[in-house]
Amino acid sequence: MHEYKLVILGSGGIGKSALTVQFVQGIFVEKYDPMIEDSYRKQVEVDAQQYRLDILDTAGMEQFIARRDLYMRNGQGFVLVYSITAQPTFNDLQDLREQILRVKDTDDVPMILVGNKDDLEDERVVGKEQDSSTKSKINVNEIFYDLTVILSLKYDSPFSIMS
């Protein structure tokens, strides 16, 4: 079985933990008490292959910048999340992306950009990208499945070169 380490990143209060819990446990968490970090494991089948996903939810980690390098170094795939109702949460992702590329020392890092809170369309301030709604369970599984496919192509292909 293939195993991948995924890291969920984004500003505080945008639904990173709700997204992760919805994927792993299939429930919507209305209120979440942010911790320093939380990790989850889930076994999934994608394209008739079994994968184990180790997911690091970085809830509340925004203030612990010194720890970022560590989980960026250890992560293999990244979910960059913003709220469609808050433009600054989208703008913050450029710095996170650049930091990931710097820490990994490569431009070839599997990442997925996710606009969360699609159920609040009437409050949208950020244009459409790959939107999701944790509450309505819109595109939640697809986010993790798509990233798993990208990782399998990078790491499991007989033609891939490990860095």
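General observations
- All of SER132, SER83 fail the test of being at pLDDT below 90, touching a strand residue (DSSP E or B) at 6+ places or on another chain (Cβ under 6 Å) and open to solvent by less than 20 Å² (accessible area, probe 1.4 Å), apart from SER132.
- Residues in the stretch 88-104 that are without any contact (Cβ under 8 Å) to a residue 60 or more places away in the chain and either open to solvent by 70 Å² or more (accessible area, probe 1.4 Å) or part of a strand (DSSP E or B) (or both): ASN91, GLN94, ASP95, ARG97, GLU98, ARG102.
- Count of residues meeting criterion [more than 26 Å from LYS135 (Cβ to Cβ) and within 15 Å of the chain's Cα centre (by Cα)] in the stretch 76-96: 2
- Scanning the stretch 146-163 for residues that are out of contact with any Pro (no Cβ under 8 Å at 6 or more places or on another chain), at pLDDT below 85 and surrounded by 14 or more Cβ atoms within 10 Å (Cβ to Cβ) turns up just one, TYR155.
- Taken over the stretch 107-120, the criterion of being open to solvent by 50 Å² or more (accessible area, probe 1.4 Å) and not in a helix (DSSP H, G or I) is satisfied by ASP107, ASP108, LEU113, LYS117.
The values are calculated or read from the model by the stated rules, or taken from the named source; none is laboratory data. Bear in mind that the values here come from a model prediction, so they are computed numbers and not experimental data. Using ideal geometry, Cβ is built from the backbone for each residue, glycine included, and neighbour counts are taken over all protein chains shown. Surface accessibility is based on the protein's heavy atoms, side chains included, excluding ligands, DNA and RNA. Shrake-Rupley method; radii C 1.70, N 1.55, O 1.52, S 1.80 Å.
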